[in-house]
Amino acid sequence: MLPIHLDKVSKTYLTAPDTEPTISVDLTIQAGEFFTLLGPSGCGKSTMLRMVAGFVAPTTGSIRFGDRDVTNLPPHKRGVGMVFQNYALFPHMSVADNVAYGLKVRRVARGDRAARVDAALSMVGLQSMADRRIDQLSGGQQQRVALARAVVIEPALLLLDEPLSNLDAKLREETRMQIREVQKKAETTAVYVTHDQAEAMAMSDRIAVLADGKAHQIDTPRRIYREPATSFVARFIGRSNVLPVTVVEAGSESATVSLGGGTIAVPRSPHMAVSNGAPAELAVRPEAIRLSSEVEAQLGGVVTQVEYMGATVTVDIDVDGTHVVVSAPDRTPVPDQGARVGLAVDERNTWLIPA
Ligand code: ADP
Ligand code: MG
């Protein structure tokens, strides 16, 4: 298992030479880590993965696997296994022959080949399908063959580019845990690409949230959810209110902020650059706000919409021109549209984002 270093790596495609790079990052992926590149379509995830694989040359910077500089190495000399969205299998060949292909190319002896193919197929639970043709398999099974083919070469690094996006929702959920198990058994570092935030949260040790050509935050799923570094991250991960506030008083561990006539005391990281009077944004999850009477709450507003979701009720509220979404348990009394309500904010579940 090796750490992967992307030292000031950027890519500017020749078709757009005068613009900002498509993607620009400076980061290290730890040995054995399951690391996810998450971001909206077109943000440069595949570009980054292809640079690590060796299919795309970086415009600037260097890539190291451990202490080996691979920036100028072709893909087949990097020791990476790759799984693509469309699987890229040979449809008329058997499952076993597809998995064996990489070993043949690497001139592994026939006897060793059979044993390694068998081990890789058992890792993905497809031992009994070895003689089937690819076009006789379901999409989920084909995806597992692609995974077996990637790990059979015992790669130092496993790269996966949206491998689940052709599967239906239920199969996606089942297969994502299987991918994690295989990565652990194969004892390899993994870089995973997805635009699905729930998938990224469920699978990853750490996530890099990419947008506007850069990494907005590189962190554990929990910290990305609870302590979003930018308003983009707060909006992209789960549902969140990102409220414009003014810092009234910045203490060392907490800050008082004002919003729509009310004030709230919120936690603050010591590193956070906020000063008195400065504009900022406050990320508040819909479930961190409780509806109450106006006198006992920090904020007040007018209900604009009520939606029953089953276990919860979603209430939209206008707080002096700012739209706030509240997710309340179904058992709470639900106000009528047009009613004035109080919003009791659970301060510990808010996060201040410096402007
Ligand atoms: P993602 O995988 O996040 O959807 P990509 O890395 O595929 O994003 O693409 C990022 C941007 O770079 C897009 O605007 C895309 O059109 C552009 N791009 C990707 N590949 C090429 C290429 N070979 N030549 C020129 N532009 C490209
Ligand atoms: Mg892509």
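Observations, loosely collected:
- Residue that is nearest to ligand 2 (Cβ to nearest atom), among those in the stretch 19-54 that are part of a helix (DSSP H, G or I) and among the hydrophobic types (A, V, I, L, M, F, W, C): Leu49
- From Gln197, Gln142, Gln178, residue being under 26 Å from the mean Cα position of the chain (by Cα), of a type in the set (S, T, N, Q) and surrounded by fewer than 18 Cβ atoms within 10 Å (Cβ to Cβ): Gln178
- Within the stretch 285-315, the set of residues being open to solvent by 60 Å² or more (accessible area, probe 1.4 Å) and assigned to a strand (DSSP E or B) comprises Arg290, Thr304, Gln305, Glu307, Tyr308.
- The single condition among (1) more than 33 Å from the chain's Cα centre (by Cα); (2) closer than 15 Å to Leu243 by Cα; (3) of a type outside the set (Ser, Thr, Tyr); (4) loosely packed, with under 15 Cβ neighbours inside 10 Å that Asp318 does not meet is (1).
- Taking the listed residues Leu160, Leu171, the one that is touching a residue at least 12 places away in the same chain (Cβ under 8 Å), of a type in the set (A, V, I, L, M, F, W, C) and more than 16 Å from ligand 1 (Cβ to nearest atom) is Leu171, with no other qualifying.
- Scanning the stretch 145-175 for residues that are within 16 Å of ligand 2 (Cβ to nearest atom) and open to solvent by 10 Å² or more (accessible area, probe 1.4 Å) yields Asp161, Glu162, Ser165, Asn166.
- Test result for Arg290, touching an Asp or Glu at 6+ places or on another chain (Cβ under 9 Å), farther than 25 Å from Pro267 by Cα and modelled with pLDDT of 90 or more: no
So that you can scan it fast, the table gives a plain yes or no per residue for (1) in contact with a Leu (Cβ under 6 Å, 6 or more places away or on another chain); (2) surrounded by fewer than 15 Cβ atoms within 10 Å (Cβ to Cβ); (3) acidic (Asp, Glu); (4) without any contact (Cβ under 8 Å) to a residue 60 or more places away in the chain:
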site	(1), (2), (3), (4)
Gly277	no, yes, no, yes
Gly338	no, yes, no, yes
Thr350	yes, no, no, no
Ala355	no, yes, no, no
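- Of the criteria (1) in contact (Cβ under 8 Å) with a residue 60 or more places away in the chain; (2) open to solvent by 10 Å² or more (accessible area, probe 1.4 Å); (3) under 29 Å from Arg132 (Cβ atoms), which one Ala88 fails: (1)
- Filtered residue count, the stretch 202-216, keeping only those that are buried (at least 20 other Cβ atoms within 10 Å of the Cβ) and more than 16 Å from ligand 1 (Cβ to nearest atom): 2
- Taken over the stretch 155-192, the criterion of being acidic (Asp, Glu) and outside any loop (DSSP other than H, G, I, E, B) is satisfied by Asp161, Glu173, Glu174, Glu181.
The values are calculated or read from the model by the stated rules, or taken from the named source; none is laboratory data. Remember, it's a predicted structure, so these values are computed and weren't measured experimentally. Cβ coordinates were reconstructed from backbone atoms using ideal geometry, including for glycine residues, and neighbour counts include every protein chain displayed. Ligands, DNA and RNA are stripped out before the accessible areas are found, and what is left, the full protein with its side chains, is counted by its heavy atoms. Shrake-Rupley method; radii C 1.70, N 1.55, O 1.52, S 1.80 Å.
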